[in-house]
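The values are calculated or read from the model by the stated rules, or taken from the named source; none is laboratory data. Keep in mind that this is a model prediction, so the values were computed, not measured. Here the Cβ positions follow ideal geometry from the backbone for every residue, glycine too, while neighbour counts run over all protein chains shown.
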Amino acid sequence: MICIAYSDSDPVSKNAAEFIKKGYDFEDRDGRVIQDKVELLRIEGSLITADYVDKMGFSTVLFMSRHHSSAGITSFTSHSLGNWTKEASLGGMPKKLSTSSPVLMLACMRNLSERAPEGTNKVYEATHHGPLLDTPCTFIEFGGSEAMVSNHESAEILGQASISAAQSMADNSQDYSHAVIGIGGNHYPSKFTRLALEKGYAFGHIMPSHSFIKDGSTWNTDMIEAAIKRSDQETELAVIDWKSLGSEPRSAIINKLEELGIDYERA
């Protein structure tokens, strides 16, 4: 069963869920809101601390959420979950990654790209925040200014993209070329988004340049290994945003990938 999770305390999430309930044939089955192989799950409180969803027996979880932008830029995004460093202020645990779902995340990005209006940002985000789940999971988000957060048309787009992506996963009908991880770039890795949309690269975890750091004299290459292993698809390739990294971190990354037997590609 694929889970689409939402929170009543999140206006974007709540509005998207209300659209799904009204626009699709979901049924109440003993308190569970279900359509075929997809369940709509209400989360009490914050989505980023909903670790308990891991114990509910879902095959995959898609969280619908508000996207927070300090600049107020209108954006539709999708990303994997976890914390690259010892900092874990937004749920999850330090230096722990949830299991990514590259094919679901690609389905989210394709649907957002097709449905969102021209002029809005449609981009992957780097892996960040909780909850920490072993169940494969992805966030799909919309946000911007306070006025845009209450925009029902945008919430409908988020709902449409979410249900379409979940159904494609349930039907195993999503095609892709490679299951990959991304290393480098900023929080909004436009190069990786373009590779996903143009070449069908299914990105799981995306580690931005600012999260590849030294702990003492050692680079945190252990997190690259975690990104490769914490996926519901076998990672075939690492894509490196070459110019976003200096020569020393690039060398450390390449050495780790060679140790793990993972090929890499420059972006």
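Looking at this structure, is E141 free of Cβ contacts under 8 Å to residues at least 12 places away in the same chain, of a type outside the set (G, A, S) and not in a helix (DSSP H, G or I)? So E141 does not fit the description; no.
Selection of the stretch 158-177 for residues being within 17 Å of the chain's Cα centre (by Cα) and not polar (S, T, N, Q) yields L158, G159, A161, I163, A165, A166, M169, Y176. Residues in the stretch 156-171 that are closer than 21 Å to M56 by Cα and either hydrophobic (A, V, I, L, M, F, W, C) or assigned to a loop (DSSP other than H, G, I, E, B) (or both): I163, A165, A166, M169, A170, D171. The one condition from (1) within 24 Å of the chain's Cα centre (by Cα); (2) part of a helix (DSSP H, G or I); (3) without any contact (Cβ under 8 Å) to a residue 60 or more places away in the chain that A238 does not meet is (2). Of the listed requirements (1) surrounded by fewer than 23 Cβ atoms within 10 Å (Cβ to Cβ); (2) touching a residue at least 60 places away in the same chain (Cβ under 8 Å); (3) touching a Ser or Thr at 6+ places or on another chain (Cβ under 6 Å), S80 misses just one: (1).
Condition first: modelled with pLDDT of 95 or more, under 22 Å from N121 (Cα atoms), not in a helix (DSSP H, G or I) and not assigned by TED's automatic domain parsing to the domain that holds L62. Can you find one or more residues in the stretch 209-222 that meet it? No, the stretch 209-222 contains no residue that is modelled with pLDDT of 95 or more, under 22 Å from N121 (Cα atoms), not in a helix (DSSP H, G or I) and not assigned by TED's automatic domain parsing to the domain that holds L62.
Report yes if some residue within the stretch 10-25 is on the phi > 0 side of the Ramachandran plot and assigned by TED's automatic domain parsing to the domain that holds M93; otherwise report no.
Initial filter on the stretch 10-25 (on the phi > 0 side of the Ramachandran plot): none.
No, the conditions are met nowhere in the stretch 10-25.
Screening the candidates D134, D175 for the property of being at pLDDT below 95, in a loop (DSSP other than H, G, I, E, B) and of a type in the set (D, E) yields one hit, D175. Just one of the listed residues (S59, S75) is closer than 28 Å to I228 by Cβ, modelled with pLDDT under 95, within 17 Å of the chain's Cα centre (by Cα) and not assigned by TED's automatic domain parsing to the domain that holds F212, and it is S75. When the stretch 44-58 is filtered for residues that are under 17 Å from H68 (Cβ atoms) and touching a Leu at 6+ places or on another chain (Cβ under 7 Å), only I48 remains.
Of all residue pairs spaced 6 or more apart or on separate chains, none has beta-carbon atoms under 6 Å together with a first member in the stretch 48-76 that is surrounded by fewer than 20 Cβ atoms within 10 Å (Cβ to Cβ) and a second member that is of a type in the set (K, R) and modelled with pLDDT of 95 or more.
Going by the conditions given, is V123 in a helix (DSSP H, G or I) and modelled with pLDDT of 95 or more?
Values: in a helix (DSSP H, G or I): no; modelled with pLDDT of 95 or more: yes.
No; evaluated as a whole, the condition is false for this residue.
When each of Y264, Y188 is tested for being farther than 22 Å from H128 by Cα and not in a helix (DSSP H, G or I), the lone residue that passes is Y264. Taken over the stretch 1-33, the criterion of being hydrophobic (A, V, I, L, M, F, W, C) and in contact (Cβ under 8 Å) with a residue 24 or more places away in the chain is satisfied by M1, I2, C3, I4, A5, V12, A16, A17, F19, I20. From the list E153, E248, E198, the lone residue that is assigned to a helix (DSSP H, G or I), closer than 20 Å to V123 by Cβ and not assigned by TED's automatic domain parsing to the domain that holds K122 is E198.
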